[in-house]
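A short worksheet on the structure shown next.
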Amino acid sequence: MFITNVQSVPGKTIVDHFGLVSGSTVRAKHIGRDIMASFKNIVGGELKGYSELLDEARKQATERMTDQAKSLGANAVINVRYSTSSVAQGASEIYVYGTAVRVE
Amino acid sequence: MEQLILFVVLVVSGYMVGTFLEKRHYRSIEKRETDLIRLPVVTLEEDVIDETKKIRYAVLAKGNAVISIDYFKRFLSSLQNIFGGNVTAYQTLVDRARREAVLRMIEQAPPSDIITNARIETSAIGQSANRRKSVGSVEAFAYGTAVKYKDD
Amino acid sequence: MAVLRPLHTELLLNIKMIKFTPKTVTENLNIVKTSPLKQCFILLAGLLAIIFVFYFLLGLSVSWIAPHISPAFEKKIGRLFEDRFYQNENMDESKRLRAILNNLLKGVDEETKAFGIEVRVENNPMINAVALPGGTIVVFSGLLKEIKSDNEAAFVLAHEIGHFKNRDHLKGLGRGLVLLTASVFLTGNDSIATNFIFSQIGNLEMKFSRKQEKEADLFALHLIYDMTGQADGAASFMKVIASQDKRSNLSYYFASHPHPETRMEYINEEIAGLR
């Protein structure tokens with residue numbers, strides 16, 4: 001499965017496209033991470049736990065998107081876009097969308 | 001009284017540790033940026049790929065960083081909020097997050113010759129970690145298409 | 001879904017590439033170089049100046065208005081508090097204190113008498129007494145459990161009469177109202193700085209309140225001394241309060257009343273002066 005955020009897969013030729021595919025996930029931070037984060041909020045700096053959490057969430061969302069693309073018979077998703085929003089206290093939504101295509 | 005002491009301790013330790021961590025982070029960012037200077041990261045998607053060469057692979061490169069502000073700067077920002085004007089307290093927060101995210105995007109991708117169509121997005125995360133309703137931590141997320149040529 | 005442009009053919013048609021020259025940005029223009037510490041000090045100083053001006057104007061306006069409020073209007077204000085304080089009157093104790101109060105009122109000037117001061121005892125474990133606008137002194141039964149003699153009770157009542165005479169209850173109420181309005185107006189944003197300001201104003205308020213308490217103490221002392229020729233009620237009352245109170249000196253810096261030790265000191269000094 002090729003994933004790019006340009007309008008093609010460089011080095012390949014698009015032969016067919018299947019329209020929009022998307023994946024999303026909402027993740028809440030668990031309490032342990034939140035407590036560490038509030039300590040870190042005093043001195044500033046990176047919140048490693050949150051970085052990892054959002055990273056995992058993006059992986060999952062991307063997986064959902066590619067699964068959807070596979071079911072359509074595509075072997076690549078191009079022009080992919082990510083967006084993040086805080087939907088509730090302590091929870092973030094990751095949304096990823098792109099165009100499912102078949103390349104050769 | 002106890003509250004005031006706690007507050008002063010938090011502000012002072014936030015300032016000292018926060019400034020130290022920030023300086024260290026900037027040194028690391030600057031060093032890595034100079035190391036990676038040969039790899040172009042562009043927001044263009046056409047006319048930047050060398051069409052004369054064959055492409056070995058093109059993959060999505062991603063990198064993210066969540067950075068939080070220290071207590072002193074948060075206090076400073078709430079003061080600046082009262083008087084208005086340039087909220088200088090937040091400028092390094094978002095700058096660090098974005099530059100770190102771009103660096104991670106490059107570092108976490110497989111070795112490549114160019115990253116095209118780079119996009120950076122920033123979002124305020126988690127209100128629960130920063131109980132007052134102000135921005136306390138931001139996430140920057142950078143992504144683009146990493147292209148590697150066949151060497152011949 | 002829109003039809004995709006046939007990108008592959010387009011790319012084949014114009015094969016060109018922009019040259020890349022690696023360069024670093026030496027100066028970060030996204031960050032304005034300022035000293036955060038200096039800025040913090042300037043802003044804090046500005047903020048404190050505003051607080052002091054605000055507090056000064058507040059004190060001035062309230063002290064100016066308070067003596068001009070008529071007793072009739074005061075009674076109306078007092079009725080607002082009835083629900084909160086009038087719950088469970090202790091009739092026997094009320095009667096006992098009323099006798100002491102009437103005795104005390106013989107010694108005060110006509111102006112103070114005009115407030116129509118009354119007393120009532122409420123069944124409540126709190127060790128406290130309050131002077132409500134409108135001339136009612138509410139004494140909680142918790143306080144009466146601690147004080148033994150009528151002399152001590154007389155001192156408590158005389159202290160509250162002192163508050164009425166100095167119009168402290170109205171001043172406090174006025175300041176409270178203005179503070180409340182200001183905080184509702186400002187705390188729209190629940191920020192660290194706003195909370196900080198109000199804790200500071202609160203401290204100033206407490207200092208003002210301690211000054212009022214001292215004046216009321218001294219008034220009570222003189223009133224009782226003038227009438228009975230002795231003042232042991234005051235000293236023994238302070239001893240009771242001191243034994244009840246185990247807070248540290250530090251927390252008294254922020255408390256509404258002076259430290260019992262301090263109160264005892266100036267009362268003893270005053271007694272020595274009388275003799």
Open item on the list: So, C:Phe155, is that one part of a helix (DSSP H, G or I) and modelled with pLDDT of 65 or more or not?
Closed with: yes
Task: Candidate set from the range B:116-132 (those that are within 10 Å of another protein chain (Cβ to nearest Cβ) and modelled with pLDDT of 90 or more); member that is surrounded by the most Cβ atoms within 10 Å (Cβ to Cβ) - done: B:Thr116
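For (1) closer than 19 Å to C:Leu221 by Cβ; (2) outside any helix (DSSP H, G or I), each residue gets a yes or a no:
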position	(1), (2)
C:Arg79	no, no
C:Leu101	yes, no
C:Gly107	yes, yes
C:Glu111	no, no
C:Phe115	no, yes
Task: Test result for A:Gly98, outside any helix (DSSP H, G or I), within 11 Å of chain B (Cβ to nearest Cβ) and at pLDDT 90 or above - done: yes
Open item on the list: Take the conditions basic (Lys, Arg), closer than 24 Å to C:Asp150 by Cα and either assigned to a helix (DSSP H, G or I) or out of contact with any strand residue (DSSP E or B) (no Cβ under 6 Å at 6 or more places or on another chain) (or both) and apply them to C:Lys75. Does it pass?
Closed with: no
Task: All helices (runs of 4 or more DSSP H) inside the range C:222-275 with 2 or more residues being among the aliphatic types (A, V, I, L, M) and modelled with pLDDT under 75 - done: C:232-244
- [ ] Scan the helices (runs of 4 or more DSSP H) fully inside the range B:1-109 and keep the ones with 2 or more residues being more than 7 Å from every other protein chain (Cβ to nearest Cβ), modelled with pLDDT under 90 and out of contact with any helix residue (DSSP H, G or I) (no Cβ under 9 Å at 6 or more places or on another chain).
- [x] B:2-35
Task: Criterion (within 11 Å of chain B (Cβ to nearest Cβ) and either out of contact with any Cys (no Cβ under 7 Å at 6 or more places or on another chain) or modelled with pLDDT under 80 (or both)) met by exactly one of C:Ile42, C:Ile51 - done: C:Ile42
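The values are calculated or read from the model by the stated rules, or taken from the named source; none is laboratory data. Only a predicted model underlies this, so the values are computations on that prediction, with no experimental measurement involved. In this analysis, Cβ positions are derived from the backbone assuming ideal geometry, glycine residues included, and neighbour counts consider all displayed protein chains.
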